[in-house]
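Asker: Questions regarding the structure given below will be posed in turn.
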Amino acid sequence: MPAAIGVRGYCVRLLRRGEPKFLPIHSRELREPVAEFFQKFFLDHASSTTNEKKERMWFFEELQRGNRGDSQGYIHYGTFGYQAAIIDSKTKKRNYIRKITDAEQIPLFYDLWFPDGALFGLMAFQSFQGRSCKELVYNKMREIFEEKNPGYTLGFRKLMPTQDSSSPFGDAPVKRLVLKRRSVSSDVAENYLGKIESVDLELTLSAQGRGSLGKLSHFVKKMKDTGSGILTYEGKDYEEALVEVKIGKKIRRIGLTDAEGDFGVIDITDNVEHGPDGHPTYTSVSSEIREILMKFHEILRDEKK
C-alpha cells in the first residue's frame, strides 16, 4: 500500500508590521524585494539547517526557478535524537544501528508560485505519512525576511478547503463521507460476530451515481467542532472524518478533523505515481500540486484585501 501523500496550501502575503492591510506582494517599498528574497533564501538553505531544540534537520533542493521568485523542488527533512535498529522487513535481519545523531532525509516536494498580476503568492508543502516541516520552514522564511526588511513581514495563511462558502473548494460537491470512532461499544458488531470486547467503527455515506451529499461548505456546517479534535455529526462524536469531493474531473480526499494534523490536508496519494523508492515521482507530484494551486488561485484572484 502506497505511503499517504498530503498537500497543505498557503497564501503568502506582504504586510507592514502592526497593520492589517495587505500590500502587493512585489511592492517596491522593500529593501529586498520578495522575488530576490526567495531566490537567496533557497540558495542559502541548500545545506542543512538544524533545529537542536526540536531535533529536526532540513535543506532545500531547488529544481526549477522563475523570474518572479517562483520555485519548485524538494525540502529534504529528517529527525534525529534517538537510537534505533534498522531491520530489513523481508529478511528480518538487522542492517544498521541508527545513531542518536543520525537523521533520515525524506524528500518533500514544495511549490512557490506568484501568479501573473496577483497581489499574493501561493505555496504548497507536501507531507509523507503525516511528516512535514512546513512550520519550521515558513517561520524561518518570516524571521529572515523581517531581518532583511525592517518594518515588514510575510504572512502565511493556511488555505482551508473546508472553511466556508468562500474557501477555494467550498462549492465542490461531496461524493463520500467517512467517519471513524475508535474502541466503541461492540453492541452492533456482536449481532454479526458474536461476543467481542470493543471495535473500531467506520461509517461511510456515499452519493449515488452523479449525485452528491451537498456542497462541501454547507456540509461542513452540519458538523460541530468540539475544539478537542472531535467532530460531532448527527449527535454522535467521531475522532476522524474525511470527505471525497469532486474538483474538476478529479475526486480529492480532504481531512476534516485535526487527527494527526490532517485538518484541511488534501490527500493526493491515489493521484500520483510512486517510484521504486516509495516516494511520488517528481513529474506526477509537481503536476498534481500545481493543479491544486491553480484551483486556489482561481478562487482567490479577485480578492482585494
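Asker: Grab the Cα-Cα distance for residue 95 and residue 218, subtract it from 0.36 nm times how many residues apart they are, and report the gain in nm with one decimal. Before the final figure, lay out each step's value.
Answerer: Details: separation 123, 0.36 × 123 = 44.28 nm, distance 5.20 nm.
Result for the pair: 39.1 nm of gain on full extension.
Asker: Kindly identify region 32-90 as rounded, prolate or oblate by the Cα gyration tensor criterion: order the square roots of the eigenvalues as a ≥ b ≥ c, call it rounded if a/c is under 1.5, otherwise compare a/b with b/c, prolate if a/b is larger, else oblate.
Answerer: oblate
Asker: Might you report the magnitude of the Cβ-based charge dipole of region 1-79 about its Cα centre, with Lys and Arg at +1 and Asp and Glu at -1, to the nearest 20 debye?
Answerer: Computed charge dipole of region 1-79: roughly 380 debye.
Asker: For every other residue with a beta carbon closer than 9 angstrom to the beta carbon of residue 74, add +1 if it is Lys or Arg and -1 if Asp or Glu, then tell me the sum.
Answerer: -2
Asker: Turning to a different aspect of this structure: Can you pull the one-decimal nm distance between simple spin-label points at residue 64 and residue 182, each 7 Å off the Cα toward Cβ?
Answerer: 3.8 nm
Asker: With r defined as the distance between the Cβ atoms of residue 36 and residue 158 and R0 fixed at 25 Å, what FRET efficiency is calculated, to the nearest 0.05?
Answerer: In this case the efficiency is close to 0.45.
Asker: Count the net charge of all other residues whose Cβ sits under 12 Å from the Cβ of residue 252, scoring Lys and Arg as +1 and Asp and Glu as -1.
Answerer: Result for the local shell: +2.
Asker: So for each of 46-57, 123-134 I average, over its residues, the number of other beta carbons within 10 Å; can you give me the resulting order with the highest mean first?
Answerer: With the highest mean Cβ count within 10 Å placed first, the list reads 123-134, 46-57.
Asker: By how many nm would the segment from residue 27 to residue 116 lengthen if fully extended, with 0.36 nm per residue of separation less the alpha-carbon distance?
Answerer: 30.6 nm
Read-outs throughout are calculated quantities, based only on the coordinates presented, and are distinct from any laboratory measurement. Given the structure is predicted, the values throughout are model-derived calculations rather than measurements. Note that we place each Cβ from the backbone using ideal geometry, even for glycine, and neighbour counts take in every protein chain shown.
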